[in-house]
Amino acid sequence: MSAASPLTFFMSPVGMFYSVTAPFLLLLLLTLLLLVSTSTQGAKAGQVTRAAFHYIMQGMGIVLMTVGAIPTLTSVLGGPPYPGRIYMSLLWVFLVGGALFLWHEQCAQRIERASLTVVHALFVTTVKTVGYIVALFSGLTLLITVALGQYSQRWWVSPVIMLLYGILLFWSAKESEAADPSFRTAPLHAKAGKKGKKQRRWSGLRLLGKRA
């Protein structure tokens, strides 16, 4: 029983290494975010740290949804079946991850845009990069398996699921990047009158250019 305990990993040399380095790396990342974000005009240190916290929790929600969804899909489409309690546990993990993501997404939208821009861009870029890499290696796995001709029963299930998952992450990040609130700030501050109309027209053209 002790060998199967989750604490076994943390008591191992590898687990102790990550337990010590992970908090310091996270602190370093938050420090860099704070330094870069506060250089943006109108950004506040407190708001930047709040934004970083909410986006980190969104990332944790994505991880929990992945942990709950991928094993379930693999098992249903051809993997080894799990007992009913395992499926229920995976469903709870997925629901908690989804609720965590949505809650912190709503909290992040209440933060002023100047303090949110850099953190949002880093989060979207990270998700897009992870999705691209997952889709790339899953596609390569399918191609290499077909080229070698070494097939096993239901060999395509895991690579196809991971390929679709990577594409979903990449597409979601692209949509979130297009909806970046910092791209819509210029029309809101346009003044009335002839000068304001020119500013709105110029901002709209620039917005379309960024989305294209």
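The values are calculated or read from the model by the stated rules, or taken from the named source; none is laboratory data. This one's a predicted model, so the numbers in the text were calculated from it and none came from an experiment. Cβ atoms come from the backbone with ideal geometry, glycine included; neighbour counts cover every protein chain shown.
Brief remarks follow.
For every residue, the table says whether it meets (1) at pLDDT below 80; (2) of a type outside the set (D, E, K, R); (3) loosely packed, with under 14 Cβ neighbours inside 10 Å.
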position	(1), (2), (3)
Gly139	no, yes, no
Thr145	no, yes, no
Leu148	no, yes, yes
Trp155	no, yes, no
Val160	no, yes, no
Phe183	yes, yes, no
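Conditions (1) in contact with a Leu (Cβ under 8 Å, 6 or more places away or on another chain); (2) part of a helix (DSSP H, G or I), marked per residue:
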residue	(1), (2)
Phe53	no, yes
Met60	yes, yes
Leu64	yes, yes
Gly68	yes, yes
Pro81	no, no
Ile86	no, yes
Trp92	no, yes
Leu102	no, yes
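- Qualifying positions in region 98-107 - surrounded by 15 or more Cβ atoms within 10 Å (Cβ to Cβ) and of a type in the set (Phe, Trp, Tyr): Phe101
- Subset of region 75-97 (residues that are closer than 21 Å to Leu163 by Cα and surrounded by fewer than 18 Cβ atoms within 10 Å (Cβ to Cβ)): Ser75, Val76, Leu77, Gly78, Gly79, Pro80
- Residue in region 65-72 that is over 16 Å from Tyr165 (Cα atoms) and surrounded by fewer than 16 Cβ atoms within 10 Å (Cβ to Cβ) present: no
- Residue match in region 105-121 (condition: at pLDDT below 90, assigned to a helix (DSSP H, G or I), within 26 Å of Leu32 (Cβ to Cβ) and among the hydroxyl-bearing types (Ser, Thr, Tyr)): yes
- Test: residue in region 126-134 that is farther than 20 Å from Val63 by Cβ, surrounded by fewer than 16 Cβ atoms within 10 Å (Cβ to Cβ) and without any contact (Cβ under 8 Å) to a residue 60 or more places away in the chain: no
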